[in-house]
Amino acid sequence: MLLWRRLAALRGEQAPRRLRSGGPKPGPEPGQGRTSDGGGAPRPLYMDVQATTPLDPRVLDSMLPYLTAYYGNPHSRTHAYGWESEAAMENARRQVADLIGADSREIIFTSGATESNNMAIKGVARFYKSRKKHIITTQTEHKCVLDSCRSLETEGFRITYLPVKKNGLIDLKELEAAFQPDTSLVTVMTVNNEIGVKQPIRDIGEICRAHKVFFHTDAAQAIGKIPVDVNNMKIDLMSISGHKIYGPKGVGALYVRRRPRVRLEPLQSGGGQERGLRSGTVPTPLAVGLGAACEVAQQEMEYDHNRISKLAERLITKIMSEVPDVVMNGDQEHRYPGCINLSFAYVEGESLLMALKDVALSSGSACTSASLEPSYVLRAIGTDEDLAHSSIRFGIGRFTTEEEVDYTVQKCIQHVKRLREMSPLWEMVQDGIDLKSIKWTQH
């Protein structure tokens, strides 16, 4: 009975933006101390915001009414339930568009950046396949971009995988030289998810526009963190993810330019929602959450960036002042500061991760059941295999505290020194032996 009263009260609100004091409350502020997992053991500190971000409580507030009282299908045009949800969905579309300088009609809601990347790359390629069969990308793209390109190769498309320089940036002259008469699309990510480098997106956009080729960028790690304007940067298609900007999981967006118009072949068939490009009911609570996350990001981008930059500088300076033979992967100037990828020579990254069990981090290594291969991104920038195996990615975000950074630094320094003391390679280096001069034999 209490639930029905609550729903009725919510339905009576004129503008369902925030819950009243009697409603459910969001959980504790993310990043505010280490909470228990329910079994008494403290949970690790969270320093892996490139993988996902915690839901901002303000975003949760905006979503809750649409998870309870305002449950109409946004595509139902015959009653108030549908109208309410449609209005909320269109407001969210506008919030996403405002963040990137786009028109709201150019925003297509998806399930996330993976779907957006698939839609953009396969959609453009297949629509223009009668005249154009060539696509350009880079070797350091997200796996869903590379796999989409490999899938198109099986359909007869030709893909150019541009190498990157040692700093992780592409060579614009190599890009210029890669264009062919039948090139339909260039796809280059804005900020790399492993090493944090920022590609020269504006320059790439200018080059693509001069060649009359569409330009797509995977901006999942950039949106809401650095200023992005699709018109100034000459971007034609752009992928967005909700859970990378303190929004909900399971929702994202694809920006598709209207002028000059970009045409896509839809990946799925159905009711023709989202301008016929992405059939299926738009999940109103998730769309509202994505819109709210974009609005909050727009308001706080400058503050967040300055704060995260200071915390990142603190982490890097403290580690490098205490531990020798640490390499920072990726360009040190053209980068997003919240993504820090460090290689600790003579230490196995997986061993360090296990030692740092009270801090949630990720390694640059891709672990499979059969083998332990170093990250393809680190291989692409020419990192030695031993250094690639020793890499750790530190993610600093909106809710990361100074105390969490200091704790992570202290534990990292402690365990790197301990693991090196156990390493015969470190002992040999301390004795002045050049490891590269040794010819190892297999038994």
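The values are calculated or read from the model by the stated rules, or taken from the named source; none is laboratory data. None of these values were measured; they are calculated from a predicted model. Every residue, glycine as well, gets a Cβ built from its backbone with ideal geometry; the counts of neighbours run over all protein chains shown. When the accessible area is computed, the model is the full protein with side chains, heavy atoms only, and any ligands, DNA or RNA have been set aside. Shrake-Rupley method; radii C 1.70, N 1.55, O 1.52, S 1.80 Å.
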- Rounded to the nearest Å, the spacing of the alpha-carbon centers of the stretch 177-198 and the stretch 209-253 is 13 Å
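Expressed as a fraction of 2.2 N^0.38 Å, the rule-of-thumb size for a compact globular protein of N residues, what is the C-alpha radius of gyration of the stretch 219-310? Could you put the intermediate results ahead of the total?
Numbers: Rg = 14.8 Å, N = 92, 2.2 N^0.38 = 12.3 Å.
Cα-based Rg divided by the globular estimate yields 1.21.
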- Which whole DSSP H helices in the chain pass both tests: a Cα extent of 27 Å or more along the axis and a mean Kyte-Doolittle value no lower than -1.0? 80-100, 284-322
- Task: Name the residue, out of Leu290, Leu67, Leu146, whose mean-square fluctuation peaks in a Gaussian network model built on the chain with Cα pairs under 10 Å.
- Result: Leu67
- Note on the structure: Compactness check, the stretch 175-270: C-alpha Rg relative to the 2.2 N^0.38 Å globular estimate gives 1.12
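Summarise the accessible area of the chain (1.4 Å probe, protein heavy atoms) by the percent that is carbon and sulfur. Could you put the intermediate results ahead of the total?
Numbers: 10600 of 20440 Å².
With neighbouring chains kept in place, the figure for the chain is 52 percent.
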- Message: Please report the accessible area of Tyr246 (heavy atoms, 1.4 Å probe, ligands and nucleic acids excluded) in Å², nearest 10.
- Response: 20 Å²
- Message: So I have (1) 102, 68, 47; (2) 95, 75, 39; (3) 80, 62, 40, and one of them is Cα extents along the principal axes in Å calculated from this model. Which one is it?
- Response: (3)
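Once the Cα gyration tensor of the stretch 59-198 is diagonalised, what are the square roots of 5 times its eigenvalues, in whole Å and ordered largest first, as equivalent ellipsoid semi-axes?
Details: eigenvalues 274, 72, 33 Å².
Three semi-axes, in Å: 37, 19, 13.
Could you work out the local net charge near Thr154, counting Lys and Arg as +1, Asp and Glu as -1, over the other residues with Cβ closer than 14 Å to its Cβ? Mind dumping the intermediate values first?
Numbers: positive: Lys122, Arg126, Lys129, Lys133, Arg150, Arg158; negative: Asp147, Glu153, Glu155.
Neighbourhood net charge equals +3.
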- Expected max-MSF residue from Pro227, Pro248, Pro374 in the GNM of the chain (alpha carbon, under 10 Å) is Pro227
- Message: Which residue fluctuates most in the GNM of the chain (Cα springs below 10 Å): Gly196, Gly276, Gly252?
- Response: Gly276
- Over the chain, what is the relative contact order in whole percent, taking alpha-carbon pairs under 8 Å and six or more residues apart? 19 percent
- Residue-normalised accessible area of the stretch 258-358, expressed per residue, 1.4 Å probe, Å²: 47 Å²
- Item | Entries in Lys143/Lys198; Lys198/Lys249; Lys357/Lys417; Lys133/Lys244; Lys143/Lys244; Lys166/Lys225 that, when Cα-Cα distance is taken, lie over 21 Å | Lys198/Lys249; Lys133/Lys244; Lys166/Lys225
